[in-house]
Every structure is written in C-alpha cells, then in structure tokens.
1. Given the structure, is Gln121 under 29 Å from Leu196 (Cα atoms) and either modelled with pLDDT of 90 or more or open to solvent by 70 Å² or more (accessible area, probe 1.4 Å) (or both)?
2. When you look at Arg230, is it surrounded by 18 or more Cβ atoms within 10 Å (Cβ to Cβ) and of a type in the set (Lys, Arg), yes or no?
3. For the structure I just gave you, tell me whether Phe181 is part of a helix (DSSP H, G or I), open to solvent by 90 Å² or more (accessible area, probe 1.4 Å) and not acidic (Asp, Glu).
4. If Ile154 satisfies all but one of (1) out of contact with any helix residue (DSSP H, G or I) (no Cβ under 7 Å at 6 or more places or on another chain); (2) assigned to a helix (DSSP H, G or I), what's the number of the condition it fails?
5. What about Gly137, is it open to solvent by less than 30 Å² (accessible area, probe 1.4 Å), without any contact (Cβ under 8 Å) to a residue 12 or more places away in the chain and not aliphatic (A, V, I, L, M)?
Amino acid sequence: MVGILLGLVAILGGAVAKGSSLGALWNLAAFLIVVIGTLGATLIQARVPVFIHALRIFPWVFVPPNLDAKDMIDKIVGWSALSRKEGLLGLENASEVEPDPFLRKGLQLLVDGVEPQALRQILESDLDNRESFDLQGAKVYESMGIYSPTLGIIGAVMGLMAVMQNLADPSKLGHGIAAAFVATIYGVGMANLFFLPVSNKLKGIVQARVNYQVMLLEGLISIAEGENPRNIENKLSGFIQG
C-alpha cells in the first residue's frame, strides 16, 4: 500500500509541479483503450483457470500466506518423536486435523506406510504442479505489464489522429495533443507502478512458498526414515530465512 501511494504521489505531485492540472490526467477514452484493451489481450493469452487463479492469489500482494518455518519445525519434530514412540499410525490424528492440504496428504501417506522414495516422488510431483500453476498466475500480471504500454501508445496514436482532424481549429490542438498522451501515461504508469511489481512480488511469494514446502517434504521424508528428532530439527533449521 505504501508503494502504491508513493507512486501516485510521485505522478500526481509531479504533474502539478510541472504546471498541469489533475483534471488533465483524466480521460475516459484513454482509460478504456488501455484497461479494456490490456484485459482483452491478457484473456486471449491466458486460459480461464489460470486467469481466475491469478485473481485468487492477488491478495497475497498485501497479505502473504503465513509461512512460519520455526513453528512448523517444532510440529515436525513433535511428529517425529510421536512416530518413534507409537509408530507411524500414531500420526493418524494429526493427519485428520492438519489444515495444510500438502502436509495433510504427506501425513496420510506416512500413516499408509508409503516408502520414503515413493513418498518423495508423490509430494515432489504435487509441489512442482502447484509451483507451475502459481507462477502462471503471477505471469498474468507480467503479461498485463507488457501489453498496457503498447495499448497506451495505440491510444496516443488514436488521439493524435483525432487531433489531425481538427487542424483547422488551432484552439483545439493543445488540449487534443495533451489528451492524446494521457493514454501513454496510463499504459506505462500501470505497467511500472502496478502490473510488473505485482507480478514480481507474487513470484517471490511463490518461491518462498516452494522453499517452505520443500522443508515440509524433507521433514516428512526424515520421519518416514525414522531419523532422530534432534537431527531432523538441525536439518530443517537450514531452511529458515531471515
């Protein structure tokens, strides 16, 4: 939110400092060309499930998923101690109440007695598929950041074409040319102050989520192999960042 506000202050404050009025930055036709055009181009490129997923993960920009590695390491170490005491079947209750689908599936596989190598293959496949789908969602905003400047240029050219039709009336030229370039401001501004930053932030969150789930995977594999809880804790501590 701070970044968005700073960007708006920079543009609006800069416009006023240059002697322009805030009203000069509003043009409905330019807005429609850039926003609707960008949306249309993106919908042509992205599959509907991917586009819907992009909308679903957008809130991560403001409220990222809770990835408390330290707390999760404590839980995994506790499960390890429980499994050494009661066997892997002792994890059945934990698998039933675990809210994380990835972790719940891993615990259920442990309870079912799946071999460590097979467990790794199953969970890595799930992890790779989820990462790919999340990254496709993030790239939707990257695509918008690529298309919107081009749509801004198209809007500017269309505005100049309208100006050329009024060359006989010099009083309309200045206003018409200024309005034409508003589309470029919309396109470049939206790309660099919103779409591309959103895409890059989502990619970073997806990568952090993958690292977190790799930690979970290694913890589950260690439990399946019957490792000492203390060794598991030391191994997983290397995944803690910052």
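The values are calculated or read from the model by the stated rules, or taken from the named source; none is laboratory data. All figures in this text were calculated on a predicted structure; none of them were measured in a lab. In this analysis, Cβ positions are derived from the backbone assuming ideal geometry, glycine residues included, and neighbour counts consider all displayed protein chains. Accessible surface is based on the protein model in full, side chains and every heavy atom, while ligands, DNA and RNA are left aside. Shrake-Rupley method; radii C 1.70, N 1.55, O 1.52, S 1.80 Å.
1. no
2. No; evaluated as a whole, the condition is false for this residue.
3. Taking the combined requirement at face value, the residue satisfies it.
4. Looking at each condition in turn, Ile154 falls short on (1).
5. No; evaluated as a whole, the condition is false for this residue.
This table checks each residue for (1) surrounded by fewer than 16 Cβ atoms within 10 Å (Cβ to Cβ); (2) more than 20 Å from Glu233 (Cα to Cα).
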{"residue": "Ile76", "(1), (2)": "no, no"}
{"residue": "Trp79", "(1), (2)": "no, no"}
{"residue": "Leu82", "(1), (2)": "no, no"}
{"residue": "Gly87", "(1), (2)": "yes, no"}
{"residue": "Glu92", "(1), (2)": "yes, yes"}
